[in-house]
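A short worksheet on the structure shown next.
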Amino acid sequence: MRSKLSLFALLLLSCSLALACARRSEQKAYARELTRAHALADRATTESERRTAARTLEHAFDREPEGPAETSTPLRQDLADRIARLYLHTEEPQLALTWARRGLAITEAESVLRATLQITEADALEALGDRDAARASLMSALETNQALLNVELEHP
Amino acid sequence: MSDDLVPRIVAPDATEELGGSDAAITADEHRELSELAALLASSAHFELSPEARQRGLSALDVELSRRAERSKQRPIVSWWWSLPALAGISLALFLPLAPARAPAPPTAPVLLEAQNAHLTSRLTGAHLTRDDLERAQTDYRQELLAKLGGKR
């Protein structure tokens, strides 16, 4: 009976270790995929290359994120912002606005990348000719950024 | 019920036998105690018959043997009892726990400062390029990717 219990405990431990290793390797694979997608966007100079890069980033955005939320959430916000920026470059502001707002919808928590997305949203709105809404987005970005900067200065 | 220490006959002046030493018992007390002693002396009335005693002992023996046999077959502490604990450990290991609130992302003071400068310049009408802002955003991205990939 005791030997069976020991065997079961050993099996449980092995499963836990295997699962932990699998998770770690999935995180690394996710990080590699994001790095490749961003590298493609870095190299994009023509309109066609930017669209291809945007689609690659969109694919990375749509997949299930790996790793802790404290890392994966800002990475997804950054992906959405990068996609929106690429569409601004290809002069597709409506798509840029859609992606900026998709990024903002990830979480309502105040963060540096939320402010970044609000700036991009403002740029898209400005490109669409809605200057008042663009200014409102910039003001929101400033408020978010200023609040975070104050916290950073008080507790560096 | 029978007890050899219980007196069978009570003498009128037998104060010590009854545990007393102060006063002699009265005639009424002597009579009552004598009746009681006579009753106790006929102990067979208060005891089980030998057959009934034998039956009881046999039943007790059977019951004790059965319990002993059962306790041999099924130990009091079974290894099955450890299953709830193992299930709890497995759950803790395998299930991702939902945090009560979203954890704070890593701080990015450089990006915050670059964004602040960019926003201030835009809202005041001055036009700065986005170079510093994009550089700071790229650095922050690298930091996040490195953290996710376990490079630091």
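Read-outs: derived from the displayed coordinates by stated rules, not from any lab. All of these numbers come straight from a predicted model, not from anything done at the bench. Neighbour counts are summed over all protein chains in view; Cβ atoms, including those assigned to glycine, are modelled from backbone coordinates with ideal geometry.
Where in segment A:104-119 does the amide nitrogen come within less than 19 Å of the point 7 Å from the Cα of A:Arg135, taken along Cα to Cβ? Label zone hits: A:118-119. Among A:His155, A:His38, a tally of other beta-carbon atoms within 10 Å of each Cβ gives an order, fewest to most, of A:His155, A:His38.
Is segment A:21-111 rounded, prolate or oblate when judged by the Cα gyration tensor, a ≥ b ≥ c being the square roots of its eigenvalues, rounded requiring a/c under 1.5 and prolate requiring a/b larger than b/c?
Values: a/c = 2.82, a/b = 1.37, b/c = 2.06.
In terms of gyration-tensor shape, oblate.
Separation of segment A:33-52 and segment A:76-105, taken as the distance between their Cα centroids, equals 14 angstrom.
Kindly put B:Leu83, B:Leu119 in sequence by how many other C-beta atoms sit within 10 Å of each C-beta, fewest to most.
Details: B:Leu83 11, B:Leu119 24.
With the sparsest Cβ surroundings first, the list reads B:Leu83, B:Leu119.
In this rough spin-label picture, where each label sits 7 Å from Cα along the Cβ direction, the B:Leu57-B:Ala92 distance is 5.6 nm.
Of A:His89, B:His118, how do they rank once you tally other Cβ atoms within 10 Å and put the fewest first? Working shown, then result.
On the way: A:His89 17, B:His118 24.
Going from least to most buried by this count: A:His89, B:His118.
What is the log10 of I(q)/I(0) for segment A:77-123, computed with the Debye formula using one identical point scatterer on each Cα and no solvent, at q = 0.17, 0.20, 0.29 Å⁻¹? Each listed q corresponds, in turn, to -0.36, -0.49, -0.98.
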